[in-house]
Amino acid sequence: MMDKLRGAMRSTVIWLNGLMLAAFPLVEMAKDALPDLGQYLAPGIYKWVGLFVVVANIGLRFKTHTSLASKA
């Protein structure tokens with residue numbers, strides 16, 4: 001179990017998903033704090049960000065050949 005946790009810290013997939021998860025609330029906070037920012041954000045921004053995350057995850061999954069435990 002500890003090997004998987006240590007390996008997770010070296011996983012590009014985990015980092016990408018963590019950063020995207022953190023970015024969503026930041027975008028909402030920025031929209032609330034800066035109302036003028038809304039005109040620069042497309043209405044379907046979350047759809048495109050979600051699509052990017054899915055495609056990036058698929059690409060990174062093909063790149064990955066080792067388990068989290070073996071990355072530790």
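The values are calculated or read from the model by the stated rules, or taken from the named source; none is laboratory data. Model, not experiment: these values are computed from the prediction. Methodologically, a virtual Cβ is constructed for each residue, glycine included, from the backbone with ideal geometry; neighbour enumeration extends over all protein chains shown.
Identify the single condition in (1) surrounded by fewer than 12 Cβ atoms within 10 Å (Cβ to Cβ); (2) over 14 Å from the mean Cα position of the chain (by Cα); (3) at pLDDT 80 or above that Arg10 does not satisfy, given that it satisfies every other one.
The number of the failed condition is (1).
Take region 27-65 and flag every residue that is under 26 Å from Leu5 (Cα atoms), over 12 Å from the mean Cα position of the chain (by Cα) and free of Cβ contacts under 8 Å to residues at least 40 places away in the same chain.
Ile58, Gly59, Phe62, His65
Within region 1-26, how many residues are in a helix (DSSP H, G or I) and more than 24 Å from Ile58 (Cα to Cα)?
Within region 1-26, residues that are in a helix (DSSP H, G or I) and more than 24 Å from Ile58 (Cα to Cα) number 2.
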